[in-house]
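Everything on this sheet refers to the single structure shown next.
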Amino acid sequence: MLKSNPTVSRLQPFTSTIFAEMSALAASTGSINLGQGFPDTDGPPAMLAAAQQAIADGVNQYPPGPGIAELRQAIAGQRAAEYRQPFDPDSEVLVTVGATEAIAAAMLGLVESGDEVIALEPFYDSYAAVIAMAGARLVPVRLRPDSSGRFALDPDELAAAVTDRTTVILLNTPHNPTGTVLTAQELEAVAALAISRDLLVVTDEVYEYLTFDAAAHLPIGTLPGMAERTVSISSAGKSFNVTGWKIGWACGPAPLIGAVRAAKQFLTFVGGAPFQPAVALALRDELDWVRGMAKGLQSKRDRLCSGLRDAGFEVTVPQGTYFAVAGIDRLAAPGEDGAAFCRSMPERCGVVAVPQQVFYADAGPDGPGARYIRFAFCKRDQVIDEATDRLASADRRRR
Ligand SMILES: *Cc1c(COP(=O)(O)O)cnc(C)c1O
């Protein structure tokens, strides 16, 4: 007889995602979806044309396992030009099916079952699931709002989380969902700890270009002593507005990339043949387009943040990514947490956001993220304005 719940116990906590629920609510109520983070404009035209041309030219069969040489060379070229990070395209660069697969393959290839993996909390939703798939344990270290509202890393808290079972620190900067860009000081503390406790660092840098004002992305792999113990992960999705292409990559020393490849080759083997030459072109020729897009995002950030403030939210202005975190204390009904608030928003005001609490190990109504919700601002200006207008009038009606 079939078990009533056939899902294995290690994956039972992960069977549904709030993103699917909220996107379905957005569709059924005709709401503006600022929940899931995908842009509503296209990437650089030459890159899009290159993918179409590749299909027309018959680039439609399995590419080489590690990715096509042209793309691996372009990735190595970009890391060298942007960060002076030298990688051998043949042994130190691996093309993956999005950053998501690179993270999964890194956990499956580098973490023994029973090991502990430290991740910054709140964390991207796939981290907990793939750490569980590896049979490992996630140890969250919380980013906490400082006096300016920035979610900051406390190096003492991080050091206290390391045990004899810790093998990997899984970093994410620029950080989703808080918008924090880790500072040189914070990264130096992580590096010093990794070196003194002999840990690997896997760093998710998919928002490497999406930083604002004076904040700049510093890859931890460039710090002294870190190249040999760091796997750096990024992706075309966020940089070039092609979240549906799922072309990502991992860079690091050959032994670490070999371990990631060992897992990757049996997850998907390969992916995205016609997209690979297009992303190679974009990494070579379209970085000015990306920088222009990031500038545009900064003004979208300001547009959304001031609209949210006018609507009564407390807003943390993000230094990077395309998400803004808003506090609901002034707007929520008594006893209402972020999840209940988000479920009521489509009906109340025709806007969808995501409760921040789903990015915490304790996602309950009294958990640390329960008073915040997350909005995406990678949308056309008129969409942002319409959303904040709706939020402002709805919440005025309610008060
Ligand atoms: C979007 C996102 C990813 C996934 O990247 P893909 O290339 O689409 O797989 C990974 N990490 C973070 C923090 C993200 O926001």
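Throughout, read-outs are computed from the coordinates displayed, never taken from laboratory work. Note that the coordinates shown come from a computational prediction; the quantities given were computed from them, not determined experimentally. Virtual Cβ from ideal backbone geometry, glycine too; neighbours counted across all protein chains shown.
Using only the Cα atoms of region 74-117, what do you get for the radius of gyration and for Dmax, in Å?
According to the Cα coordinates of region 74-117, Rg and Dmax are 13.1, 39 Å.
Tally Lys and Arg at +1 and Asp and Glu at -1 over the other residues with C-beta under 12 Å from the C-beta of residue 218: what net charge comes out? List each step's numbers first, then the result.
Values: positive: 84; negative: 82, 186, 188, 205, 208.
Combined, the nearby Lys, Arg, Asp and Glu give -4.
Would you mind putting 149-158, 210-219, 88-97 in packing order, based on average other-beta-carbon counts within 10 Å, highest first?
88-97, 210-219, 149-158
For region 128-136, just list the computed ³J(HN,Hα) in residue order, Karplus coefficients 6.51, -1.76 and 1.60, θ = phi - 60°, integers in Hz, with x standing in for Gly and Pro.
5, 5, 6, 5, 5, 4, 6, x, 9
So which lysines pass the test for residue 3, namely a Cα distance under 17 Å, with those fewer than 8 places away in the same chain ruled out?
none
Among 349, 305, 378, which one moves the most in a GNM of the chain with springs linking Cα atoms closer than 10 Å?
Looking only at 349, 305, 378, the biggest GNM fluctuation is shown by 349.
Near the amide H of residue 139, under 5 Å away, which other amide H atoms are found, from residues 5 or more places off or on another chain, if H is placed in the peptide plane?
Residues meeting the criterion, in which the H sits 1.01 Å from N, are 117, 118, 119.
Roughly speaking, what is the stretch gain from residue 56 to residue 69, that is 0.36 nm per residue apart minus the C-alpha to C-alpha distance, in nm to one decimal? If you can, show how the numbers build up before the last one.
On the way: separation 13, 0.36 × 13 = 4.68 nm, distance 2.01 nm.
So the extension gain works out to 2.7 nm.
Along region 198-208, what does the Karplus equation 6.51 cos²θ - 1.76 cosθ + 1.60 (θ = phi - 60°) give for ³J(HN,Hα), rounded to whole Hz, x for Gly and Pro?
With coefficients 6.51, -1.76 and 1.60, one gets 6, 9, 8, 10, 10, 10, 8, 10, 5, 9, 3 Hz.
What is the gain in length, in nm to one decimal, between residue 19 and residue 82 on full extension, counting 0.36 nm per residue of separation less the C-alpha to C-alpha distance? Please report the intermediate quantities before stating the final value.
Working: separation 63, 0.36 × 63 = 22.68 nm, distance 3.30 nm.
Stretched fully, the residue 19-residue 82 segment lengthens by 19.4 nm.
Say R0 is 30 Å: what FRET efficiency, to the nearest 0.05, do residue 366 and residue 163 get from their beta-carbon distance? Don't jump to the answer; show the numbers that get you there.
Details: r = 27 Å, r/R0 = 0.89.
Here the calculated transfer efficiency is 0.65.
Please turn the phi angles of region 251-267 into ³J(HN,Hα) values with the Karplus equation 6.51 cos²θ - 1.76 cosθ + 1.60 (θ = phi - 60°), one per residue in order, whole Hz, x for glycine and proline.
10, x, x, 3, x, 5, 5, x, 5, 5, 5, 4, 7, 4, 5, 10, 7
Restricting to the chain, what percent of DSSP beta bridges are antiparallel, rounded to 5?
Details: 22 of 43 bridges.
About 50 percent, rounded to the nearest 5.
Based on the Cβ-Cβ distance from residue 284 to residue 262, what FRET efficiency comes out when R0 is 30 Å, to the nearest 0.05? If you can, show how the numbers build up before the last one.
Details: r = 29 Å, r/R0 = 0.98.
Taking R0 as 30 Å, the efficiency between residue 284 and residue 262 is 0.55.
Share of Cα-Cα pairs in region 14-100 beyond 20 Å, in percent?
Numbers: 2267 of 3741 pairs.
I get 61 percent for the Cα pairs in region 14-100 exceeding 20 Å.
What is the gain in length, in nm to one decimal, between residue 7 and residue 91 on full extension, counting 0.36 nm per residue of separation less the C-alpha to C-alpha distance?
On the way: separation 84, 0.36 × 84 = 30.24 nm, distance 3.71 nm.
Going from the current span to full extension adds 26.5 nm.
For a label point 7 angstrom out from the Cα of residue 41 toward its Cβ, which stretches of region 364-388 have the backbone nitrogen within less than 16 Å?
Correct set: 377-386.
As I understand it, the value is the acute angle between the Cα axis of helix 275-285 and the longest principal axis of the Cα atoms of the chain; what does it come to in degrees, rounded to 10?
The two axes meet at around 90 degrees.
How would region 232-292 be classified by its alpha-carbon gyration tensor: rounded, prolate or oblate, with rounded meaning a/c under 1.5 and the a/b versus b/c comparison settling the rest? Could the numbers behind the result be given before it?
Working: a/c = 2.48, a/b = 1.69, b/c = 1.47.
It comes out prolate by the Cα gyration axes.
Residue 300: which aspartates and glutamates have alpha carbons under 20 Å from its alpha carbon, excluding same-chain residues fewer than 8 sequence positions away?
Straight-line reach from residue 300, under 20 Å: 40, 42, 208, 213, 288, 310, 314, 381, 385, 386, 389.
Which of the lysines could a cross-linker span from residue 264 if the Cα-Cα distance has to be under 20 Å and same-chain partners fewer than 8 positions apart are dropped?
Answer for residue 264, where 20 Å is the Cα cut-off: 246, listed by chain and number.
Along the positive direction of the dipole of region 62-117 (beta-carbon charges: Lys, Arg +1; Asp, Glu -1; about the Cα centre), which of 114, 85, 74 reaches farthest?
74
With +1 on each Lys and Arg Cβ and -1 on each Asp and Glu Cβ, and nothing else charged, work out how big the dipole of the chain is about its Cα centre, in Debye to the nearest 20. Walk me through the intermediate numbers first.
Numbers: 35 positive and 45 negative charges, 171 e Å.
Dipole of the chain, to the nearest 20 debye: 820 debye.
For the chain, what are the per-bin percents of Cα-Cα distances with bins 10 Å wide, up to the bin holding the maximum?
Histogramming the chain at 10 Å steps yields 5, 23, 32, 27, 12, 2, 0 percent.
Please give the peptides 200-206, 243-249 ranked by average Cβ packing (other Cβ atoms within 10 Å per residue), highest first, as a rough proxy for protection. Walk me through the intermediate numbers first.
Values: 200-206: 25.0, 243-249: 21.9.
Highest mean packing first, the order is 200-206, 243-249.
Mind giving me the nanometre distance, one decimal, between the label points for residue 146 and residue 344, set 7 Å out from Cα along Cα→Cβ?
Between residue 146 and residue 344, the simple spin-label model gives 3.5 nm.
How high is the relative contact order of the chain, in percent, counting Cα pairs under 8 Å that sit 6 or more residues apart?
Working: 812 pairs, mean separation 93.0, N = 399.
Relative CO of the chain lands at 23 percent.
Taking the simple approach of a point 7 Å from Cα along Cα-to-Cβ for both residue 184 and residue 329, what is their distance in nm?
3.4
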